[in-house]
Amino acid sequence: MNQLLQIAFAELGIKEIPGVSHHERILEYARSSGFGKQVDRDEIPWCSIFMNWCCQEARLQRSHQMNARSWLQVGLPVDDPVPGDVVIFWRESPASWKGHVGLFLGFSKNLQEVFTLGGNQDNSVSVRSYQHEQVLGFRRLGQDGVLVVPDEELKEGSRGPAVMQLQRLLNFFGFYCGYEDGIFGRRTLEQLQKLQTQTGLQVTGHYTQATQDILKEMLLE
């Protein structure tokens, strides 16, 4: 199980308190993720607050917004979700501004339902299903933080933080190599070659000084 799911599952059962009292843990989600000045009660839509808190704890990309649909702009769109990807749903109608966000767990056997772990589901952190037809999108998150140009040579088969930095840069510039897992695989190779082609470099598929210099120039533009 990935770290994001572990963090979210550990909060299962946190539930709004009816009446004038408010669950301190829900208020803490808001304070810790930067929404403390906007939230002083638990009877609000807090699914995006919970997701921002979970991603902050996992050091993943965040929307920094309280509305669920803001997550449609975070990470990479995917058509083949895996457990731990973000799923965004519409509420009331696809054209409405209302939505819900949670973590994808899987599909029902008939593919009509999407099992989701999230906050503010039946007023609590819980697992429940939503209709597949209500999905607006699935997103795969990368690591949060600044963009760093790796300073070591990399090639297919390389692993580690430098590969993750390269993948983050490729994704940032529109060369989508998928989830930033730190493994230089076929997709990373193909996107690096695409970058080299478009920037006039020799297409080697190896990350060397020449590609490093180009990425530094692109960051300055």
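Bear in mind these aren't lab numbers, they're just calculated from the coordinates by the rules spelled out. What you see is a predicted model, and the numbers here were worked out from it, not measured in a lab. Cβ placement follows ideal geometry from the backbone for every residue including glycine, while neighbour counts extend to all protein chains displayed.
Which listed residue (N120, N52, G36) has the Cα farthest towards the positive end of the charge dipole for the chain, taking +1 on Lys and Arg C-beta and -1 on Asp and Glu C-beta about the Cα centre?
Toward the positive end, the furthest listed residue is N120.
Once phi is turned into ³J(HN,Hα) by the Karplus curve 6.51 cos²θ - 1.76 cosθ + 1.60 with θ = phi - 60°, what whole-Hz value does each residue of the range 103-116 show in order, with x for glycine and proline?
9, 5, 10, x, 9, 5, 4, 8, 6, 8, 10, 10, 7, 9
Please get the size of the charge dipole for the chain, origin at its Cα centre, with Cβ charges of +1 on Lys and Arg and -1 on Asp and Glu, quoted in debye to the nearest 20.
For the chain, the charge dipole is close to 200 debye.
Can you list, largest first and rounded to whole Å, the semi-axes you get for the chain by taking the square root of 5 times each eigenvalue of its Cα gyration tensor?
37, 19, 15
Which longest run of the chain has no exposed loop site in it, a site being trypsin sites (Lys or Arg not before Pro) in a DSSP loop with at most 10 other beta carbons within 10 Å, and the site itself not part of the run?
On the way: sites that count: K37, K109.
By the stated rule (loop sites, at most 10 other Cβ atoms within 10 Å), 110-221.
Rounded to the nearest 20 debye, what is the charge dipole size of the range 161-220 about its Cα centre when +1 sits on each Lys and Arg Cβ and -1 on each Asp and Glu Cβ?
Result for the range 161-220 is approximately 80 debye, rounded to the nearest 20.
Over the alpha-carbon set of the range 1-52, divide Rg by the Kirkwood Rh and report the Rg/Rh ratio to two decimals.
When Rh is taken as the Kirkwood radius, the ratio is 0.98.
With bins 5 Å wide starting at 0, give me the P(r) of the range 161-220 over every alpha carbon pair, in whole percents.
4, 21, 35, 28, 11, 1
So what are the range 148-189's ellipsoid semi-axes, whole angstrom, largest first, if each one is the square root of 5 times an eigenvalue of the alpha-carbon gyration tensor? Provide the component values of the computation, followed by the final result.
On the way: eigenvalues 37, 28, 13 Å².
Each semi-axis is the square root of five times an eigenvalue, giving 14, 12, 8 Å.
Using the 10 angstrom Cβ neighbour count as an exposure proxy, how do S63, S48, S124 rank, fewest first?
Fewest-to-most Cβ neighbours within 10 Å comes out as S124, S63, S48.
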